[in-house]
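Any read-out appearing in this document is the output of simple, stated calculations on the displayed coordinates, not a laboratory observation. Every value quoted in this text rests on a predicted model; they were computed, and no experiment measured them. FYI the Cβ positions are ideal-geometry reconstructions off the backbone, even for glycines, and counts take in every protein chain you see.
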Amino acid sequence: MRRLLRLFQALNLGRRALVVLGSIMLLASITLVGAILLFTLHHNAEVKEFRELAQRNAYLVLNSFDQTVAPIDAALQNFDREFSAKWTRQQAHEALRGFSLPSSIVLLSIVDRNGKLVATSSDQPDYAAPQIDLSDREHIRVHMDGSAGESMFISKPVLGRVSKQWTIQFTRALHAEDGSFAGVVVASFNIQEFLTLYSRVRTEPNALIALIGFDGVVRARASANTSFGGDVSGSQTFKRMLTMNEGTYETSSVIDGIDRIGYFVRSQRYPIIVVVAFDKAFVWAQTNDFRKVIWITFIGLFLMLAAVAVIAARYLQLQDRMRTGIIEASARQREALFLQAIGRVPGVCVIHVTVDGVAQVSEDEGNVIAELMLDFVSTDTFRATLSMLRRPLLSLEHFTRDGQEYEVQVVIAPLEPIRPGSNPGATQEVVVFALDQTSQRIEANKLYQMSKLASLGEVATGLAHEINQPLGVIRLAAANGLTGLRRGLAHDHLESKLNRILQQTIRMSRIIDHMRIFGRTSDEVFAPSEPTESIEGALQVVGAQLRLQNITVQVRGHSDHDWVMCRQDQLEQVLINLLQNAADAINEKRARGGGEAQGLDTIELSVSPCRSDGQKPMVYIRVKDNAGGVPDAVIEKVFQPFFTTKPVGKGTGLGLSVSFGIIRDHGGTLSVENDATGAVFTIALPAVPADMTGEARPYRGASAGMA
Amino acid sequence: MSHLLIVDDEPEYLDELIEALGFDDLKAHSARNAAQALALVHTHPQVNVVLTDIRMPDLDGIRMLNEIQLRYPERAFKFIVMTGHASSEDITRAVNAGVEACLPKPLVMEELQRVLNRVLAPSGGDGKS
């Protein structure tokens with residue numbers, strides 16, 4: 001039990017630690033979540049900002065591209081209008097030379113319908129040399145097979161066979177006067193134009209600006225390095241770009257492997273997509289400072305909250321301790337008041353015993369019980385008792401002072417420490433309650449005497465009859481003996497008379513023997529006795545009375561091996577009382593039901609030992625009548641003092657209550673129940689083995705010798 | 001000649017009483033209970049004086065007397081009762097039953113002698129007291 005308590009206390013402590021740990025974790029997670037949230041918000045804003053920047057730049061780049069290409073396109077269309085299929089190569093050369101174009105166009109050329117170079121805007125061609133065949137070039141082929149249609153084609157970056165430079169070819173179909181395909185005009189655009197521009201407008205080293213054709217080949221790309229001609233047609237991002245006009249670019253580049261975020265826009269006029277993107281690492285770096293600030297704030301906040309939590313815990317603990325202290329004090333106060341109140345009851349003494357000393361709580365000085373108890377608590381026996389004490393101890397103590405005997409009921413109650421945490425049993429603090437029972441005992445004795453007197457009144461008539469009988473025999477025998485003596489009868493006659501007289505006096509003294517209980521206070525000692533002896537004794541006293549009332553007494557059973565420890569006179573007194581009650585009940589029944597039914601009224605006395613495993617052996621003595629039983633309404637009350645169902649003047653109502661008290665003093669019980677024919681009173685007494693009872697029995701000794 | 005029957009449940013007492021009366025040359029039948037007494041009255045028609053105790057285990061003495069009167073109405077019985085109880089209730093019942101005398105126990109022999117003399121005398125046979 002105590003171990004369990006200790007475990008609980010340990011758990012309590014553990015729980016407190018858990019609570020503290022838990023709240024710290026909670027605080028940490030709250031601040032952490034706050035920090036992460038804040039950081040995420042900031043990062044998202046940053047990303048969004050960069051994406052928008054990329055979008056704006058993408059529009060600008062596309063716009064600049066369109067503005068760069070549109071005049072070229074327009075010029076090429078004009079050239080087509082001026083073009084004549086009948087031009088000689090020289091004429092064509094001159095037409096090209098005379099055609100004004102932006103400086104970004106490094107070369108303008110004409111290719112005939114078979115893909116053979118006709119003329120360029122550069123130096124005079126060598127007309128004797130064979131014409132350079134360009135029909136294998138894509139930007140020529142798309143016009144020859146008509147797949148480019150009537151719009152301008154923008155080629156992949158190519159190393160010009162004519163210009164010997166890396167250029168993008170803007171090409172358009174040329175038409176004869178009848179409108180049929182007559183050749184291709186090629187404007188070779190210097191990629192460097194774009195690359196220089198894009199390199200210049202980039203804001204960070206890894207920022208990307210790229211022009212990608214619908215075929216997935218990069219026309220121009222500016223990043224840490226400038227490049228062109230890369231093929232991204234395999235990437236998922238590119239495939240997505242083809243399905244949309246514009247959108248977010250977020251991917252790892254297939255060309256330089258850098259993860260970027262940005263925007264792409266598709267040109268509405270030319271098969272070109274513009275991508276502007278920023279290195280994610282750069283974006284991330286932009287939030288670096290902010291992140292640092294947030295972390296510092298988070299740690300600071302956490303430390304602060306933790307400090308607050310620790311302080312709060314300390315405060316609560318202190319408060320708890322203070323409250324416990326207050327409760328403890330008030331509990332002690334109440335306890336003291338309570339004990340004082342009890343101590344004021346007359347005949348009650350309360351003593352508070354601690355390791356430090358003894359304090360009498362009840363105040364009345366000169367109280368004998370208090371003095372006795374103060375002596376009592378200073379004895380070694382009492383100290384020895386204390387060390388063993390775990391639960392309240394009830395005992396009956398007898399003291400003698402100035403020739404007066406005192407009977408005191410003592411309760412020694414250990415005080416539980418108020419604070420559960422403290423080690424139980426360490427502080428041996430007890431309260432001793434003492435209740436003076438002396439006067440109560442005296443009263444009980446008086447009551448007992450009174451009940452005996454009451455019984456005496458009832459048995460007197462029976463006893464008179466019982467004594468009258470031998471007296472009558474004695475008188476007659478004496479007279480007859482005398483007459484015989486006078487008439488000179490034989491000596492034997494007188495002897496027989498005297499013997500008879502002697503017999504009768506023995507009979508009388510036996511009756512008187514049992515009457516002694518009425519005039520005597522009880523034996524102090526319990527002695528083992530055979531229960532049937534008490535029954536015989538009781539019948540000696542009341543048997544005659546019962547016979548006079550025509551009531552048969554049957555005695556059944558025996559208990560050879562089980563005797564009882566008792567004051568035999570008291571047990572007899574109880575049996576007499578029960579027999580008288582039974583007889584009274586039978587007489588009442590007769591008065592009610594009319595007349596005596598001869599030989600039918602019986603009181604049954606039975607003795608039965610009871611030995612059952614695991615229980616103390618008992619001896620039961622039952623007194624059973626056939627008077628119909630105790631009414632249910634009063635069966636609970638029959639053992640109360642002064643309760644009687646008898647007519648006024650007939651009974652005192654003390655008999656059963658005193659009997660009850662006597663049997664209880666013997667460590668037994670007296671109970672009543674009704675059976676089919678009447679009441680059954682059962683005396684149950686602890687049994688002692690008969691063979692243990694060799695010693696003299698003080699009470700029966702004298703009369704047994706005479707019988 | 002009147003015949004006396006003495007009924008008492010105490011054998012020793014009965015014994016001494018018979019002996020005491022014998023010293024006075026008075027012979028008597030004896031019975032130890034009502035049943036014996038009733039049987040004796042039946043077998044000895046000459047019995048006409050009955051001296052009985054009131055309290056007896058089987059039948060109350062006065063009831064026994066009533067029973068005898070009831071059974072043998074033709075025989076003129078004279079009854080004397082003795083009681084150790086001497087309760088007024090018993091005495092009233094005895095007088096009502098028409099007994100000659102009611103004697104307290106222990107018996108005073110002289111008193112018994114006097115009553116018996118009166119009852120047993122042939123002149124007193126009509127039962128007048």
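Sparsely packed loop sites in segment A:130-189 (the chymotrypsin sites (Phe, Trp or Tyr not before Pro) outside DSSP H, G, I, E and B with at most 14 other Cβ atoms within 10 Å) do not occur. Scanning residues 5 or more positions from B:LEU51 or on other chains, those with amide H under 5 Å from its amide H are B:LEU5, B:ILE6, B:VAL7, B:ILE80, with H placed 1.01 Å from N in the peptide plane.
Our coupling estimate for segment A:241-253, obtained by passing each phi through the Karplus curve with A = 6.51, B = -1.76, C = 1.60 and θ = phi - 60°, is 4, 5, 8, 10, 7, 7, x, 6, 9, 8, 6, 8, 5 Hz, Gly and Pro reported as x.
A Förster radius of 45 Å combined with the Cβ-Cβ distance from A:GLN554 to A:THR505 puts the calculated FRET efficiency at roughly 0.95.
Between the helical axis of A:491-515 and the longest alpha-carbon principal axis of chain A there is an angle of about 30 degrees.
Run the helix sum for chain A: -39,500 (n - 2.57) per DSSP H stretch of 4+ residues, divided by residue count, reported at 222 nm to the nearest 500 deg cm²/dmol.
Here the helix-only value at 222 nm equals -16500 deg cm²/dmol.
The trypsin sites (Lys or Arg not before Pro) of segment A:245-321 that meet both conditions, a loop assignment by DSSP and at most 13 other Cβ atoms within 10 Å of the site Cβ, are A:ARG269. Of all DSSP bridge pairs formed entirely within the protein assembly as shown, close to 80 percent run antiparallel. The C-alpha atoms of chain A define a longest principal axis, and helix A:568-593 lies at about 90 degrees to it.
In sequence order, segment A:368-378 has phi-based couplings of 5, 4, 4, 4, 4, 6, 4, 5, 4, 6, 9 Hz under the Karplus curve 6.51 cos²θ - 1.76 cosθ + 1.60, θ = phi - 60°, and Gly or Pro positions carry x. Amide H contacts under 5 Å for A:VAL553: A:ILE603, restricted to partners 5 or more places along the chain or on a different chain, H placed in the peptide plane at 1.01 Å from N. For chain B, leaving out every one of the trypsin sites (Lys or Arg not before Pro) that falls in a DSSP loop and has at most 11 other Cβ atoms within 10 Å, the longest unbroken run is B:28-127. A Förster radius of 22 Å combined with the Cβ-Cβ distance from A:ARG344 to A:GLU443 puts the calculated FRET efficiency at roughly 0.50. Rounded to the nearest Hz, the phi-derived 3J(HN,Hα) couplings of segment A:167-183 under the Karplus curve 6.51 cos²θ - 1.76 cosθ + 1.60 (θ = phi - 60°) are 9, 9, 9, 8, 10, 9, 6, 9, 10, 6, 4, 7, x, 7, 4, 10, x, where x marks glycine and proline. Restriction of the trypsin sites (Lys or Arg not before Pro) in segment A:542-607 to DSSP coil positions whose beta-carbon has at most 12 other beta-carbons within 10 angstrom yields no sites.
Please name which of A:ALA222, A:PHE153, A:VAL630 has its Cα lying farthest along the dipole of chain A towards the positive end, using unit charges on Cβ (Lys, Arg +1; Asp, Glu -1) and the Cα centre as origin. Result: A:PHE153, furthest along the dipole toward the positive end. Segment A:128-163 and segment B:67-89 have Cα centres spaced 174 Å apart. Any chance you could give the angle, 0 to 90 degrees and rounded to 10, that helix A:191-201 forms with the longest Cα principal axis of chain A? Taking the Cα atoms of chain A, the angle to A:191-201 is about 40 degrees. Secondary-structure-derived ellipticity at 222 nm for chain B, considering helices only, amounts to -13000 deg cm²/dmol, per-run term -39500 (n - 2.57) for DSSP H runs with n ≥ 4. The distance between label points at A:GLU177 and A:ALA413 comes to 13.8 nm (points 7 Å beyond Cα on the Cα→Cβ vector).
If R0 is taken as 60 Å, the Cβ-Cβ distance between A:SER135 and A:ALA306 corresponds to a FRET efficiency of 0.15.
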